[in-house]
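**Q** Dropping the structure in here first, questions after.
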Amino acid sequence: MTRATETTASTCCYCGVGCGVLIEHDGATIHGVAGDPNHPANYGRLCSKGSTLHLTGDLAARALYPELRLGKALARARTDWDSALDHAAAVFAETIREHGPDSVAFYISGQLLTEDYYAFNKLARALVGTNNIDSNSRLCMSSAVVGYKRSLGADAPPCSYEDIEQSDCLLIAGSNMAYAHPVLFRRLEAAKAQRPEIKIIVVDPRRIDTCELADLHLAILPGTDVALCHGILHILLWEGWIDRAFIDTHTEGFDALKALVRDYTPAAVADICGISVENLQSCAELIGKAPSFLSLWCMGLNQSSSGSAKNSALINLHLATGQIGKVGAGPFSLTGQPNAMGGRETGSLANLLPGHREAGNAEHRAEVAAYWGVDALPEAPGLSAVELFEAVRTGKVKALWIACTNPAQSMPDQSKIHEALATCPFVVVQEAYATTETCRYADLLLPAAGWGEKEGSVTNSERRVSHVRRAVPAPAEARADWAIVCDFARRLEQHLRPGRSSLFAFASPAALFDEYKVLTAGRDLDLSGLSHALLDDLGPQQWPFPAGASAGTPRLYGDGVFPTASGRARFVADAYRAPQEKREARYPLTLNTGRLRDQWHGMSRTGTVARLFGHVEEAMLSLHPDELRRRRLASGELVRLRSRRGALILPVQADESVRPGQAFLPMHWGDRFLKGLGTNVLTLPACDPLSKQPELKHAGAEVEKV
Ligand code: SF4
């Protein structure tokens, strides 16, 4: 057996905790992985997914060579990189010439590294001239982005992981942290063991494993979070548990919110949320009397047709109590993907530009265009994920480049996504794994390097930038994502701006980072003092880290000044709106989707590790025992689960953690594991009007015996 002789410090490629890992390898093959005791995200801990990363190198699942087909009816055949990228450049150039720059689109991923993102952004905006570049982070964090910007003025989570350990009262809303951010949950568990007086409130429709730590669990009806927050604020006001001095000095808009929440009486809110008035009162009291109060949230708030309102309603509680900018306090979104933060920073949502700029802001466009040395950046709004795939389906987008993500499994109303991909004239898929549902639709498949095989940087949930280091070469002909993008871009330049100096003359990811960071100088996320070399010297750092700084910034807004026009944080007075699909006779169940402990996204990576099926072996629909009895079903029986958009056949299980009237199905299962397409064949594409994030956690459904 070959033995590992080297260790390379890098990061885990799964969730937004951003744990440091030590990759054990022999220079060619990865043999083991351990938690990095020096990384401030995890101090040596790893969860079940992170600790099995070295087992995910199954070459049978990998994309190894470029493959091309010249007709939809043909099978893809192996080709070489030059032919593959020349062909792609020719097709993109011709499409742009014939149909304009908005006839092409890029759909990228929170799994990419910051340097990859930056290269993609420059390609789309500066070279192609389109804002049609969106990311799967649209499905993940875009409501949090809007929430932070509306309430605090910038997309900047203000807290540090240490605040989780130092807080006196934590509200965990719409987050099964025990499964989705396990290492942080272990840190909280250890803190609670040391200080049992820490109060933990969990708000979730299900009795999830995170509830094991809860002093109070509010099993609210799905989608009622805004009403809950307004109800809590109503009580805080009534009891005088607010910080009037903070409100007066550091905020604006309080009177409008106060007028709104007057109607959110405890009785009314208890009724909307399906909880008791006593529990609502207890929740408000825990928050109102806590010396420090911190909230954590994730997809339960974000994946909603009122996701941005939910985010702001929660942040309102912090502003009303002055619980922000101090130790153990603040609103703290838990980022789903490892580098969704880096994506937002580089402008990788259709509406953004690098350095937390807005694509709709003429001044911002001019700044970036001048820096990139192009005449102008595109003005027309880009398409967000749901809009983008609809534009593909209806033929408006004719050439689509997908990188490091699996929309055929992860997008809502999945049948329509398959239809879009099947009919799109030219689909490029840049992927490490050849087994994903999306790869089937690739006219051109480009093999990408995976974890341990590429170099760059990521930003985790606490704004901490880590250097991701390469331990081994990518297998066969797979290449780093940034290198693929830049190589393609240089070929496309020969069609679109021949004879001019290249915008993509990058020799390394460090060079990309060095160009990118200049665009952050003087902005809220200032990274201009960082470089790959500095991260090697000082270790992972939290932004802002301006030029000349010697350490990062653990906590924001300690001075009570916010990055808004007035310098004050803003109360947001959005009324509660019910989720889009109401329960009705034909669809009496509310279907919720979410994560399993040991699987990740569409399982392209975790699905290759047998050990990770030990926790949950197969797709199962969870229903309360009363719902099984009502339908004369037994655990283990096959059922047809249907929504207005599609149906799946799978076994059902009795599960008391799910309330009657609700159903739960893990998000991970695609058509490799299910009869029918995947979980998202059932979910709906209704989106939050501001964040454009789809409502993946609330669909009307019914179950019947097969
Ligand atoms: Fe990886 Fe997240 Fe687990 Fe850490 S908590 S090891 S980042 S999956």
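The values are calculated or read from the model by the stated rules, or taken from the named source; none is laboratory data. Remember, predicted model here, so these are calculated numbers, not experimental data. Cβ placement follows ideal geometry from the backbone for every residue including glycine, while neighbour counts extend to all protein chains displayed. Just the protein is used for accessible areas: all its heavy atoms, side chains included, with ligands, DNA and RNA removed. Shrake-Rupley method; radii C 1.70, N 1.55, O 1.52, S 1.80 Å.
**Q** Considering only region 161-190, state which residues are open to solvent by less than 10 Å² (accessible area, probe 1.4 Å), small (Gly, Ala, Ser) and more than 18 Å from the chain's Cα centre (by Cα).
**A** Answer for region 161-190, where residues must be open to solvent by less than 10 Å² (accessible area, probe 1.4 Å), small (Gly, Ala, Ser) and more than 18 Å from the chain's Cα centre (by Cα): just SER167.
**Q** Looking only at region 622-655, count how many residues are of a type in the set (D, E, K, R) and assigned to a loop (DSSP other than H, G, I, E, B).
**A** Result for region 622-655: 6.
**Q** Are there any pairs with C-beta distances below 6 angstrom linking a residue in region 12-26 that is without any contact (Cβ under 8 Å) to a residue 40 or more places away in the chain to a residue that is within 12 Å of the ligand (Cβ to nearest atom), with the two at least 6 apart or on different chains, and if so which?
**A** From residues that are without any contact (Cβ under 8 Å) to a residue 40 or more places away in the chain, the pairs are VAL21/SER10; VAL21/CYS12; VAL21/VAL33; VAL21/ASP36; LEU22/ALA34; LEU22/ASP36.
**Q** Still on this structure: If a residue has to be in contact with a Phe, Trp or Tyr (Cβ under 8 Å, 6 or more places away or on another chain) and in a loop (DSSP other than H, G, I, E, B) to count, how many in region 206-248 make the cut?
**A** Number of matching residues: 3.
**Q** Tell me, which residue of region 545-583 that is aromatic (Phe, Trp, Tyr) and over 30 Å from GLY274 (Cβ atoms) is surrounded by the fewest Cβ atoms within 10 Å (Cβ to Cβ)?
**A** First, the residues of region 545-583 that are aromatic (Phe, Trp, Tyr): 545, 557, 562, 571, 576.
Filter once more, keeping what is over 30 Å from GLY274 (Cβ atoms): 545, 557, 562.
Values: PHE545: 25, TYR557: 21, PHE562: 26.
If we take residues in region 545-583 being aromatic (Phe, Trp, Tyr) and over 30 Å from GLY274 (Cβ atoms), then TYR557 is surrounded by the fewest Cβ atoms within 10 Å (Cβ to Cβ).
**Q** Here's something else I'd like to know. Name the single residue, out of those in region 61-73 being part of a loop (DSSP other than H, G, I, E, B) and in contact with a Lys or Arg (Cβ under 8 Å, 6 or more places away or on another chain), that is farthest from VAL616 (Cα to Cα).
**A** Only one residue fits best here, namely ARG69.
**Q** Taking interchain pairs and intrachain pairs at least six residues apart, which have beta carbon atoms under 7 angstrom, with the first residue in region 125-140 and in the same structural domain as PHE106 (by TED's automatic domain parsing) and the second acidic (Asp, Glu)?
**A** Partner pairs satisfying both residue conditions: LEU127/GLU493; THR130/ASP102; ASN132/ASP102.
**Q** Okay, next question. Please determine whether any residue of region 669-684 is part of a strand (DSSP E or B) and either open to solvent by 20 Å² or more (accessible area, probe 1.4 Å) or under 25 Å from THR436 (Cα atoms) (or both). Give the steps one after another, and end with the answer.
**A** So the first thing to find is which residues in region 669-684 are part of a strand (DSSP E or B), and the list is 675.
With the extra rule that they be either open to solvent by 20 Å² or more (accessible area, probe 1.4 Å) or under 25 Å from THR436 (Cα atoms) (or both), the set shrinks to 675.
Yes, some residue in region 669-684 is part of a strand (DSSP E or B) and either open to solvent by 20 Å² or more (accessible area, probe 1.4 Å) or under 25 Å from THR436 (Cα atoms) (or both).
**Q** Is it true that some residue in region 11-29 is more than 16 Å from the ligand (Cβ to nearest atom) and either farther than 20 Å from ARG470 by Cβ or open to solvent by less than 40 Å² (accessible area, probe 1.4 Å) (or both)? It would help to see each step written out before you state the result.
**A** Keep residues of region 11-29 that are more than 16 Å from the ligand (Cβ to nearest atom), which gives 25-29.
From what's left, either farther than 20 Å from ARG470 by Cβ or open to solvent by less than 40 Å² (accessible area, probe 1.4 Å) (or both): 25, 27.
Yes - at least one qualifying residue is present in region 11-29.
**Q** I'd like to know if region 295-302 contains one or more residues that are touching a Cys at 6+ places or on another chain (Cβ under 6 Å), buried (at least 21 other Cβ atoms within 10 Å of the Cβ) and over 19 Å from ASP574 (Cβ atoms).
**A** Taking region 295-302 first, the residues touching a Cys at 6+ places or on another chain (Cβ under 6 Å) are none.
Looking through region 295-302, none of the residues is touching a Cys at 6+ places or on another chain (Cβ under 6 Å), buried (at least 21 other Cβ atoms within 10 Å of the Cβ) and over 19 Å from ASP574 (Cβ atoms).
**Q** Would you mention how many residues in region 263-287 are outside any helix (DSSP H, G or I) and within 11 Å of LEU218 (Cβ to Cβ)?
**A** 3
**Q** Would you check if there is a residue in region 577-587 being in a strand (DSSP E or B), touching a Ser or Thr at 6+ places or on another chain (Cβ under 6 Å) and in contact (Cβ under 8 Å) with a residue 60 or more places away in the chain?
**A** Scanning region 577-587 turns up no residue that is in a strand (DSSP E or B), touching a Ser or Thr at 6+ places or on another chain (Cβ under 6 Å) and in contact (Cβ under 8 Å) with a residue 60 or more places away in the chain.
**Q** Mind counting the residues in region 316-335 that are aliphatic (A, V, I, L, M), under 17 Å from GLU462 (Cα atoms) and surrounded by 24 or more Cβ atoms within 10 Å (Cβ to Cβ)?
**A** Step one: list which residues in region 316-335 are aliphatic (A, V, I, L, M), which gives 317, 319-320, 324, 327, 329, 334.
Those still in the list that are under 17 Å from GLU462 (Cα atoms) too: 324, 327, 329, 334.
Of the ones still in play, those that are also surrounded by 24 or more Cβ atoms within 10 Å (Cβ to Cβ) are 324, 329, 334.
Adding up the residues that qualify gives 3.
**Q** Being within 16 Å of the ligand (Cβ to nearest atom), among the acidic types (Asp, Glu), outside the structural domain of GLU162 (by TED's automatic domain parsing) and not in a helix (DSSP H, G or I) is the requirement here; does ASP598 meet it?
**A** Yes; evaluated as a whole, the condition is true for this residue.
**Q** Next up: Test THR95 against the criterion of being away from the ligand (no atom under 16 Å from the Cβ), assigned by TED's automatic domain parsing to the domain that holds GLU367 and surrounded by fewer than 23 Cβ atoms within 10 Å (Cβ to Cβ), and give yes or no.
**A** Yes; evaluated as a whole, the condition is true for this residue.
**Q** Determine if region 75-85 includes at least one residue that is closer than 30 Å to MET299 by Cβ, in a loop (DSSP other than H, G, I, E, B) and open to solvent by 40 Å² or more (accessible area, probe 1.4 Å).
**A** No, that holds for no residue.
**Q** Are any residues in region 288-305 assigned to a loop (DSSP other than H, G, I, E, B) and more than 24 Å from LEU237 (Cα to Cα), and if so, which ones?
**A** Correct list: CYS298, GLN303, SER304, SER305.
**Q** Kindly list the number of the only condition in (1) open to solvent by less than 20 Å² (accessible area, probe 1.4 Å); (2) outside any loop (DSSP other than H, G, I, E, B); (3) out of contact with any Lys or Arg (no Cβ under 7 Å at 6 or more places or on another chain) that fails for ALA619.
**A** In the conditions (1) open to solvent by less than 20 Å² (accessible area, probe 1.4 Å); (2) outside any loop (DSSP other than H, G, I, E, B); (3) out of contact with any Lys or Arg (no Cβ under 7 Å at 6 or more places or on another chain), ALA619 misses (2) alone.
**Q** Continuing with this model, one more query. Yes or no: region 44-56 includes at least one residue that is in contact with a strand residue (DSSP E or B) (Cβ under 7 Å, 6 or more places away or on another chain) and surrounded by fewer than 17 Cβ atoms within 10 Å (Cβ to Cβ). It would help to see each step written out before you state the result.
**A** Here is the first cut: in region 44-56, the ones in contact with a strand residue (DSSP E or B) (Cβ under 7 Å, 6 or more places away or on another chain) are 44-46, 50-51, 53-54.
Cutting the leftovers down to surrounded by fewer than 17 Cβ atoms within 10 Å (Cβ to Cβ) gives us 44.
Looking for residues that are in contact with a strand residue (DSSP E or B) (Cβ under 7 Å, 6 or more places away or on another chain) and surrounded by fewer than 17 Cβ atoms within 10 Å (Cβ to Cβ), one finds at least one in region 44-56, hence yes.
**Q** Out of everything in region 434-456 that is open to solvent by less than 10 Å² (accessible area, probe 1.4 Å) and among the hydroxyl-bearing types (Ser, Thr, Tyr), what residue ends up being modelled with the lowest pLDDT?
**A** By that ranking, first place goes to THR436.
**Q** Further question: Whether any residue in region 598-605 is aliphatic (A, V, I, L, M), within 30 Å of ARG244 (Cα to Cα), buried (at least 16 other Cβ atoms within 10 Å of the Cβ) and within 26 Å of the chain's Cα centre (by Cα) is what I want to check.
**A** Checked region 598-605: no residue is aliphatic (A, V, I, L, M), within 30 Å of ARG244 (Cα to Cα), buried (at least 16 other Cβ atoms within 10 Å of the Cβ) and within 26 Å of the chain's Cα centre (by Cα).
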